[in-house]
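The values are calculated or read from the model by the stated rules, or taken from the named source; none is laboratory data. As the structure is a computational prediction, the values presented were derived from the model and not from experiment. Cβ atoms come from the backbone with ideal geometry, glycine included; neighbour counts cover every protein chain shown.
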């Protein structure tokens, strides 16, 4: 089920998402899901999570990739323009203002403490969609070793994520073929 979105409502929704998301792309997933899936019902949760996975695998900024994918899905090229402009408008204004005034308050201990206090909140905002995606991907204790091993290879051994993704894809194809030939 997909409901048609007006260009203005698409712009406003992504403007809200871009304005109220602290921490970047992954932190905006819960807000996007609430706005696009629950509030407007422009798409179903499974379709939304598919677009999250697609946007993560595409090069570029995750937030813009999401806005592009969803805007195109809902209204074509005009939807892309509305969603992307809405998504980046306020962050650009905020970044410009911060850049203009950062030198004057960068040494302020209150500001430094505010940024330190935001870090755990951003981690929580990023962790929430991870658990949602894990549930949707049917991650269990039997297959949880795959993301754990991938994270260890990347963080502890410095293996490029590109090699981890390629290896996972090849192993997935191999495993799928093995399962179909044994049936």
Next on the checklist: Under 6 Å between Cβ atoms, which residue pairs at least 6 apart in sequence (or on different chains) link something in region 55-74 that is over 15 Å from residue 29 (Cα atoms) with a partner that is surrounded by 17 or more Cβ atoms within 10 Å (Cβ to Cβ) and at pLDDT below 90?
Outcome noted: 74/5
Checklist entry - What's the number of the condition residue 171 fails, among (1) within 24 Å of the chain's Cα centre (by Cα); (2) modelled with pLDDT of 85 or more; (3) loosely packed, with under 13 Cβ neighbours inside 10 Å? => result (1)
Checklist entry - Looking at region 88-183, what helices (runs of 4 or more DSSP H) fall wholly within it and have at least 2 residues that are closer than 30 Å to residue 19 by Cβ and assigned by TED's automatic domain parsing to the domain that holds residue 46? => result 109-136
Checklist entry - If you scan region 45-63, which residues turn out to be farther than 14 Å from residue 132 by Cα and either more than 14 Å from the chain's Cα centre (by Cα) or surrounded by fewer than 18 Cβ atoms within 10 Å (Cβ to Cβ) (or both)? => result 54, 56, 57, 58, 59, 60, 61, 62
